[in-house]
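Trainee: My structure is below; once you've seen it, I'll send some questions.
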Amino acid sequence: MRHFLGAHLMRELEELLLADDGVFPNSRLPVLVYRGAVKPEDGAPALERLFERNGWPPKWRDTVFTFHHYHSNAHECLGVAEGNATLRLGGPSGAEVKVEAGDVVVIPAGVAHQRMLASTDFMVVGAYPPGEEQWDTLRGRPDDRPKADETIAKLPLPESDPVTGKTGALVDRWR
């Protein structure tokens with residue numbers, strides 16, 4: 001599903017619903033992909049300011065793991081600061097999503113993600129809602145599921161959207 005948003009930049013929003021595949025819990029909440037959330041040339045500092053302003057403190061600059069993984073105790077925001085990549089969301093049979101500098105991907109707890117291909121300069125800024133800074137990294141082992149499912153079910157929804165703040169897609173579609 002695609003939506004267009006008005007603001008200082010024209011932004012396109014894509015939503016992906018990724019169901020439990022038996023290995024990865026994924027989520028009833030959609031993954032949100034904001035195209036052009038910041039100008040590509042403004043990079044990591046612009047993403048960090050955007051996330052901080054909207055209540056998702058930035059925590060790191062790096063890449064995305066090349067193996068399927070998810071977080072049961074944190075929702076995650078990935079802002080593409082440099083380069084481009086193809087991410088797989090939802091596990092081995094999930095969706096491939098191409099991202100480039102300026103894009104932001106908001107991943108609900110439980111949604112598997114991995115980097116498949118990337119340019120050599122690919123870098124993202126990672127951010128989390130307050131209180132979710134000690135995230136776990138689960139790889140889809142069967143013994144992870146019972147506790148992970150319970151943890152995901154208890155995780156509160158964020159109070160704001162990392163791109164649009166107190167209003168916007170996350171606030172509307174995750175409630």
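The values are calculated or read from the model by the stated rules, or taken from the named source; none is laboratory data. Treat the numbers as computed from the prediction; the structure is a model and nothing was measured. With ideal geometry, Cβ positions are generated from the backbone for all residues, glycine too; neighbour counts draw on all protein chains shown.
Trainee: Show the residue pairs meeting these rules: Cβ distance below 8 Å; 6+ apart or different chains; first residue within the range 80-93 and among the basic types (Lys, Arg); second residue surrounded by fewer than 24 Cβ atoms within 10 Å (Cβ to Cβ) and part of a strand (DSSP E or B).
Mentor: Listed pairs, sorted by first residue: Arg88/Ala95; Arg88/Glu96; Arg88/Val97; Arg88/Gln114; Arg88/Met116.
Trainee: Still on this structure: Residues Ala127, Ala118: which one is within 14 Å of the chain's Cα centre (by Cα) and in contact (Cβ under 8 Å) with a residue 24 or more places away in the chain? Steps first, please.
Mentor: Values: Ala118 fails: within 14 Å of the chain's Cα centre (by Cα).
The match here is Ala127.
Trainee: Turning to a different aspect of this structure: For residues that are surrounded by fewer than 24 Cβ atoms within 10 Å (Cβ to Cβ) and in contact with a Pro (Cβ under 8 Å, 6 or more places away or on another chain), tally how many sit in the range 53-71.
Mentor: 4
Trainee: While we're on this one: Please work out if Arg61 is in a helix (DSSP H, G or I) and basic (Lys, Arg).
Mentor: Values: in a helix (DSSP H, G or I): no; basic (Lys, Arg): yes.
No.
Trainee: Which of the residues that make up the range 110-130 are of a type outside the set (Val, Ile, Thr) and surrounded by fewer than 23 Cβ atoms within 10 Å (Cβ to Cβ)? Reasoning before the result, please.
Mentor: Initial filter on the range 110-130 (of a type outside the set (Val, Ile, Thr)): 110, 112-119, 121-123, 126-130.
Selection gives Gln114, Arg115, Met116, Leu117, Ala118, Ser119, Asp121, Phe122, Met123, Gly126, Pro129, Pro130.
Trainee: So for the range 164-175 (the condition being exposed (fewer than 10 other Cβ atoms within 10 Å of the Cβ) and either out of contact with any Lys or Arg (no Cβ under 6 Å at 6 or more places or on another chain) or under 22 Å from Gln114 (Cα atoms) (or both)), does at least one residue qualify?
Mentor: Here is the first cut: in the range 164-175, the ones exposed (fewer than 10 other Cβ atoms within 10 Å of the Cβ) are 175.
Of the ones still in play, those that are also either out of contact with any Lys or Arg (no Cβ under 6 Å at 6 or more places or on another chain) or under 22 Å from Gln114 (Cα atoms) (or both) are 175.
Yes, the range 164-175 contains a residue that is exposed (fewer than 10 other Cβ atoms within 10 Å of the Cβ) and either out of contact with any Lys or Arg (no Cβ under 6 Å at 6 or more places or on another chain) or under 22 Å from Gln114 (Cα atoms) (or both).
This table checks each residue for (1) part of a loop (DSSP other than H, G, I, E, B); (2) at pLDDT below 95; (3) of a type in the set (A, V, I, L, M, F, W, C).
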{"residue": "Gly126", "(1), (2), (3)": "no, no, no"}
{"residue": "Pro129", "(1), (2), (3)": "yes, no, no"}
{"residue": "Lys147", "(1), (2), (3)": "no, no, no"}
{"residue": "Ala153", "(1), (2), (3)": "no, no, yes"}
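Trainee: Can you name the residue in the range 134-163 that is touching a strand residue (DSSP E or B) at 6+ places or on another chain (Cβ under 6 Å) and within 21 Å of Phe51 (Cα to Cα) and, of all such residues, is surrounded by the fewest Cβ atoms within 10 Å (Cβ to Cβ)?
Mentor: If we take residues in the range 134-163 being touching a strand residue (DSSP E or B) at 6+ places or on another chain (Cβ under 6 Å) and within 21 Å of Phe51 (Cα to Cα), then Val163 is surrounded by the fewest Cβ atoms within 10 Å (Cβ to Cβ).
Trainee: Against the conditions (1) within 17 Å of Asn26 (Cα to Cα); (2) among the small types (Gly, Ala, Ser); (3) out of contact with any Lys or Arg (no Cβ under 9 Å at 6 or more places or on another chain), where does Ser119 fall short? Just the number, please.
Mentor: Just one mismatch for Ser119, condition (1).
Trainee: Check whether at least one residue in the range 135-144 is of a type outside the set (A, V, I, L, M), under 26 Å from Thr167 (Cβ atoms), touching a residue at least 40 places away in the same chain (Cβ under 8 Å) and in contact with a Leu (Cβ under 9 Å, 6 or more places away or on another chain), and report yes or no.
Mentor: No, every residue in the range 135-144 fails to be of a type outside the set (A, V, I, L, M), under 26 Å from Thr167 (Cβ atoms), touching a residue at least 40 places away in the same chain (Cβ under 8 Å) and in contact with a Leu (Cβ under 9 Å, 6 or more places away or on another chain).
Trainee: Within the range 71-99, work out how many residues are more than 14 Å from the chain's Cα centre (by Cα), closer than 16 Å to Gly43 by Cβ and not small (Gly, Ala, Ser).
Mentor: 2
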